[in-house]
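A.B. asks: Dumping the structure here so I can ask a few things about it.
The values are calculated or read from the model by the stated rules, or taken from the named source; none is laboratory data. These figures come from a predicted structure and were not determined experimentally. Positions of Cβ are generated from backbone atoms using ideal geometry, with glycine treated the same way; all protein chains shown enter the neighbour counts.
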């Protein structure tokens, strides 16, 4: 063992409360008291490790210091990825830091130290919630959550993927909470407080799992911190300050039953900090000694108020080493290097010590595979699967694969370089290639100065750099609200209760697929607006619609509660519909205005408006209604003999349903395409998409016609199948661009009618636990635009949170989680197929493939590839279709192969299909 | 934590004749878009004895301020000599740059300013009535004294939370020999509007 006290690691003599080594081992952070504020310093590890680096003046020792905390910093912790640093202090704040790459060296303005910061760490989030000093912070395994505890007796769990969202606030301690530790498999978090208790909380429901008080009953006095630690195998939890027979101990708590039978004894004063070595060790095999199979063991460092440090191996009864008088004051924090051989200790006296062990002393650290094997043995398939580490030893078997892997690395590097260059570029040439120096020279002349209304000078500052805080953008699915402008299909609601959330899906259409995007995709939405003005501004109409509609359509529902469906249905209809009519009649002049708002902001298509005016003129006692349509400045209008109930349109057709159960269909230019269709019952919802017209009648039957081919796609199909046996109503209906009708029910289920099978297929179920537990976040590539516009996304809506509950990984066993995700993804794929939504199919196919690749599902992946490749040799009997939804299957396979190549385990599969594809390409 | 961090203040045109305008090039960084403008002020302390001789040379609004790093030059006319006590014209005084957001001051940057005659003759025998045309102003740009205050960034509430006091250079009192420590100590404090905050200038 070697021991070093690097004197240059100091906060100018002020106490250092916390130390943490970066996961990559190249730097470490200290936190403590600054001059008049809290201070976080990031130090270079190299000068600690190597004497020649310490002496080399060109190697910086301090990398960055941050004085942003207003008061003493009690804890600094790196995220597991090393991208972020979290710090908590007496100013009640938790700050999350991220390295800013684009800014050159700078000093803290006004600071005495003229040393430039070598690295720039910027505070990206401030987490405000605690009402007292923050004592400890801890990142959960996989950086899903960040926990912080405070003297306000609470623990706050922050969503580390979506700061500053609070996942939970754990209340229950009756004293200052001074230490936190996560279970390495993520199932629990443990906290220790001044209230003589140690509590273990479940991450599944954030409730208390157990409360351990006995070993702490005797504890008197206070220690500044109580940093407890969980062993890397997850089996033991070791507390800080505990007492046994009036001697201070570190209590060992067994995971199994939370038994407290053992402790680390020997320190003369309270234990302030316990820190397990991240590695699990096994006995070093010496040559010649009997190859006795030895149990793996853990290593733990204990620091105390008595200023001494002890290091224990769980295989030994006595400590491996005890170091006295290392410091002048209490030990405050301990951090191990990731390789498990080095340890940094900091003290209230403002100094830091580094200890270096050899493998002879500690033993052979298990590699990640072996550690995972242990985890899997104990907890089932571990969450800590690190595929890369596992595969690092795999040999690349063929040149194609090698080429591919190398290209990938190169691309990554190039990417990396590019971002760096871009960032550097940003710094040097800020405006039109001018350097910062040029700008500075002329700044006074160039800066824009105006006078405010009250005559004061106002300077517009020159922006010289953007902030790069991009990484905290919320998770994909959360960040994509379904805006009124992005709904792909027109929908109408039959149910009155749906005008909050689902009404967002309403009226607009968006290009779906490449074909549709070039067309003027227009869709119209029937709006029942009671207004005296004949024309309305589109936006105004939109606004008022939400309020108006709720008044107008109370309880327009289709319900089939038990009895003979048709009769009851019509009755219910009548109940609802007349009320609407009544409302209309009360108005002196009633108009119906339909508007079409431009589907996508970028599209150049002009909006199309449909406007209907009922009872426009009376010709010999008969009242006529007028339908007016304006598109790209061209208008047409037509007259109808009866009052219009609802109208809808697409880029190709306009359909109007009247009170007399007649449905009229016009071309985009107003030509009548069909004689009026007599419907069996009044129209309830009408949709158009492309040349398809969908009609949902009040007697709960559904029809879809293809106007172009003059054929019925769906013929008077009853909704009884999907409505029977439930108390639910139709809350949403839509027609996809491919003519597939979709019905959403109030119970959260959505069905589409598959016209070839003539069946109703379930495509979305909001209560489906599979949806909520499926975890495929890792499989979403940042390059994929999230599909929020397809019919599938529309019906599933916000519910699809990419595993909202899934991040509570540990709550379900991994294999179950895996299974659920698989089932969910396969459901998505099948649904996208049935809906004939090619973009969504493509999107989910990629995610599915990535998931199979990361999870190593060999058979499924092979089957998928086989299906995509099809028969290599043409045979007459083959029913294989070369395309699906207009996508060429082999092109899809070509797209999937790089994904497959990412996992070396599949290199044979990769090669096999790569070769075959090439062969086919050459033919 | 403050949404606005002052990264650097460069003193331009320094030293310069007394009558030249003050010029500070201020670089600051903003964590998030600010809905309101920042208000910057230059205050010239006319006399160490009393704050009644303080002159606000100018105040400007700076905005809009989106998140990012920004810079601007704050230029303000030289102090009105008529308002400076004759006895205090020559010697060391203080210029302050303050910045407020929503009426709350969150940073105060103090510079020592030394006014002296360039002509050795005049330096030896200064005229009783100061000759401002001959005076040179030298701002001790290398030693800004920065005081930061904790303010409420989200509302315009006048509630002040605890103040943060960053006096960065404990060694500077020895380094700046030109500081007449007796007269300036505590002087800077009453200049400000915020009596609740302290700025131990020295």
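A.B. asks: Looking only at segment A:876-883, decide whether some residue is under 25 Å from residue A:825 (Cα atoms) and out of contact with any helix residue (DSSP H, G or I) (no Cβ under 7 Å at 6 or more places or on another chain).
C.D. replies: Our first condition is that a residue be under 25 Å from residue A:825 (Cα atoms); within segment A:876-883, this holds for A:880-883.
This time we only want the ones that are out of contact with any helix residue (DSSP H, G or I) (no Cβ under 7 Å at 6 or more places or on another chain), so: A:880-881.
Yes, that holds for at least one residue.
A.B. asks: Do we have any residue at all in segment A:164-173 that's assigned to a loop (DSSP other than H, G, I, E, B) and surrounded by 20 or more Cβ atoms within 10 Å (Cβ to Cβ)? So that I can check it myself, show each step before the final result.
C.D. replies: Initially, segment A:164-173 is screened for residues assigned to a loop (DSSP other than H, G, I, E, B), giving A:164-165, A:172-173.
Narrowing the set further to residues that are surrounded by 20 or more Cβ atoms within 10 Å (Cβ to Cβ) leaves A:173.
Scanning segment A:164-173 turns up at least one residue that is assigned to a loop (DSSP other than H, G, I, E, B) and surrounded by 20 or more Cβ atoms within 10 Å (Cβ to Cβ).
A.B. asks: For segment B:51-70, does any single residue satisfy the condition of being surrounded by fewer than 20 Cβ atoms within 10 Å (Cβ to Cβ), over 14 Å from the mean Cα position of the chain (by Cα), modelled with pLDDT under 90 and more than 30 Å from residue A:68 (Cβ to Cβ)?
C.D. replies: The answer is yes; a qualifying residue exists.
A.B. asks: Answer yes if at least one residue in segment A:13-29 is within 14 Å of chain B (Cβ to nearest Cβ), surrounded by fewer than 19 Cβ atoms within 10 Å (Cβ to Cβ) and either under 30 Å from residue B:149 (Cβ atoms) or under 39 Å from the mean Cα position of the chain (by Cα) (or both), and no otherwise. It would help to see each step written out before you state the result.
C.D. replies: Keep residues of segment A:13-29 that are within 14 Å of chain B (Cβ to nearest Cβ), which gives A:13-14.
Now drop any that are not surrounded by fewer than 19 Cβ atoms within 10 Å (Cβ to Cβ), which leaves A:13-14.
Add one more test, that the residue is either under 30 Å from residue B:149 (Cβ atoms) or under 39 Å from the mean Cα position of the chain (by Cα) (or both), and what stays is A:13-14.
Within segment A:13-29, one or more residues are within 14 Å of chain B (Cβ to nearest Cβ), surrounded by fewer than 19 Cβ atoms within 10 Å (Cβ to Cβ) and either under 30 Å from residue B:149 (Cβ atoms) or under 39 Å from the mean Cα position of the chain (by Cα) (or both).
A.B. asks: Of all residues in segment B:100-129, count the ones that are out of contact with any strand residue (DSSP E or B) (no Cβ under 7 Å at 6 or more places or on another chain) and either over 27 Å from residue B:59 (Cα atoms) or assigned to a strand (DSSP E or B) (or both).
C.D. replies: Selection size over segment B:100-129: 10.
A.B. asks: Does residue A:627 count as assigned to a strand (DSSP E or B) and in contact (Cβ under 8 Å) with a residue 24 or more places away in the chain? Write out each step before concluding.
C.D. replies: Values: assigned to a strand (DSSP E or B): yes; in contact (Cβ under 8 Å) with a residue 24 or more places away in the chain: yes.
So residue A:627 fits the description; yes.
A.B. asks: Also, quick follow-up: Restricting attention to segment A:95-128, and to residues there that are touching a helix residue (DSSP H, G or I) at 6+ places or on another chain (Cβ under 9 Å) and at pLDDT below 60, which single residue is nearest to the other protein chains (Cβ to nearest Cβ)?
C.D. replies: By that ranking, first place goes to A:112.
A.B. asks: How about segment A:1-94: which strands (runs of 3 or more DSSP E) wholly inside it have at least 2 residues that are modelled with pLDDT of 90 or more and closer than 22 Å to residue A:275 by Cβ? Talk me through it step by step, then tell me what you get.
C.D. replies: Values: elements: A:2-4, A:16-21, A:27-33, A:38-44, A:62-66, A:73-78, A:84-89.
Filter on segment A:1-94 gives A:2-4, A:16-21, A:27-33, A:38-44, A:73-78, A:84-89.
A.B. asks: Then there is this: Would you mind finding the one in B:154, B:119, B:167 that is farther than 22 Å from residue B:42 by Cα, within 14 Å of chain A (Cβ to nearest Cβ) and modelled with pLDDT under 90?
C.D. replies: B:154
A.B. asks: Return the pair list, or none, for Cβ contacts closer than 6 Å from residues in segment B:48-64 that are more than 7 Å from chain A (Cβ to nearest Cβ) to residues that are part of a helix (DSSP H, G or I) and crowded, with 17+ Cβ neighbours inside 10 Å, at least 6 apart or on different chains.
C.D. replies: Short answer, once both residue conditions are applied: B:48/B:184; B:51/B:191; B:54/B:191.
A.B. asks: I would also like to ask the following. Report yes if residue B:118 is crowded, with 21+ Cβ neighbours inside 10 Å and either farther than 28 Å from residue B:32 by Cα or free of Cβ contacts under 8 Å to residues at least 24 places away in the same chain (or both), otherwise no. Break it down into steps so the answer makes sense when it comes.
C.D. replies: Details: crowded, with 21+ Cβ neighbours inside 10 Å: no; either farther than 28 Å from residue B:32 by Cα or free of Cβ contacts under 8 Å to residues at least 24 places away in the same chain (or both): yes.
No: the conditions fail for residue B:118.
A.B. asks: For residue B:112, are the conditions met, namely being touching a helix residue (DSSP H, G or I) at 6+ places or on another chain (Cβ under 7 Å) and more than 8 Å from chain A (Cβ to nearest Cβ)?
C.D. replies: Values: touching a helix residue (DSSP H, G or I) at 6+ places or on another chain (Cβ under 7 Å): no; more than 8 Å from chain A (Cβ to nearest Cβ): yes.
Here the answer is no, as residue B:112 does not meet what is asked.
A.B. asks: So for segment B:65-74 (the condition being within 14 Å of chain A (Cβ to nearest Cβ), assigned to a loop (DSSP other than H, G, I, E, B) and more than 25 Å from residue A:456 (Cα to Cα)), does at least one residue qualify?
C.D. replies: Narrowing segment B:65-74 to residues within 14 Å of chain A (Cβ to nearest Cβ): B:65-74.
Checking the rest, the ones that are also assigned to a loop (DSSP other than H, G, I, E, B) come to B:66-67.
Among the residues that remain, those that are also more than 25 Å from residue A:456 (Cα to Cα) are: none.
No: zero hits.
A.B. asks: Which of the residues that make up segment B:5-33 are more than 11 Å from chain A (Cβ to nearest Cβ) and part of a strand (DSSP E or B)?
C.D. replies: B:11, B:16, B:17, B:22
A.B. asks: If you go through segment B:34-64 one residue at a time, how many are assigned to a strand (DSSP E or B) and closer than 16 Å to residue B:97 by Cα? Walk me through how you get there before you give the answer.
C.D. replies: Step one: filter segment B:34-64 for residues assigned to a strand (DSSP E or B), giving B:34, B:38-45, B:54-62.
From what's left, closer than 16 Å to residue B:97 by Cα: B:38-45, B:54-62.
Adding up the residues that qualify gives 17.
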